[in-house]
Amino acid sequence: MVILTSMKFRSSLCSVMIAAAAVSQTFAAEMQSLFDGKSLSGWTTFEKPAAPFWQVKDGVLVAENDPAKTGSTLFTEKEYHDVVFEADVRWSEGADTGVFFRLRNPLAKELSKDAGKAAFYGPNQAQVQIGISGSLKRDMTGSIYVGNYPEEGRGKGVDALLKAGNWNTIKFEVRGDTITVWLNGTEITRYSDPRFSAPAPLGLQIHPGKPMKIEFRNLRAQALD
């Protein structure tokens, strides 16, 4: 009886593991590349041309502030509602960057450039932070920024996971009103906020006011609805 029970348990466990692996493979297969490694195809920005802020070098998307430290944001041309986003990111010391989601499309035809910027960079912005927070003056990588950093949306255990000066994999899922963030494969925060419900482009940020360089590769996304 003990042997049979043990065999049934092992069989059930094996079935669960196989099913989980199948789901993982399907998920990976459905992630779509956002960056072809050669151009900014599929992306747009307020600044025309996108250089010097956004350039492609050796298959890597390189973001760098200009001498005036103007700052810039690169948007996907496609809008997303429920979405999974993932990228490898490497940034210079002191960089203040992140990924915007679920904001009003700042490039909507009915908005002027100034109105678009005001809508996008206003107090109701939603972002997964990467690097140093300009307001808190400390690293807040993986934390949710919604005009502030709510305690329940701050990344946990980041110091042990973060590879300073090297490539780090940032992944987040927005589903319903819940945002979940992973850093290098480990979940670090889960936060819910009903204010952000409209589909919008994803946005990569160069924060104004300071010199910085950020590199992106393996940018992928999967629409969940």
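If each residue of separation counts as 0.36 nm, what is the full-extension length gain between residue 36 and residue 152 once their alpha-carbon separation is subtracted?
Extra length from residue 36 to residue 152 when fully extended: 38.2 nm.
Give the total of Lys-Lys pairs in the stretch 33-223 with Cα-Cα distances below 14 Å; include a pair only if its members are 8 or more places apart or on different chains. Write out the running numbers ahead of the final one.
On the way: 38/57; 48/113; 57/213; 69/210; 69/213; 109/117; 137/210.
Taking the stretch 33-223 as the scope, the lysine pair count is 7.
Return 159, 82 ranked ascending by Cβ neighbour count within 10 Å, so the fewest neighbours appear first.
The most exposed by this proxy come first: 159, 82.
Coordinate-derived values only; no laboratory data. Treat the numbers as computed from the prediction; the structure is a model and nothing was measured. Reconstructed Cβ throughout: ideal geometry from the backbone, glycine too, with neighbour counts over all protein chains shown.
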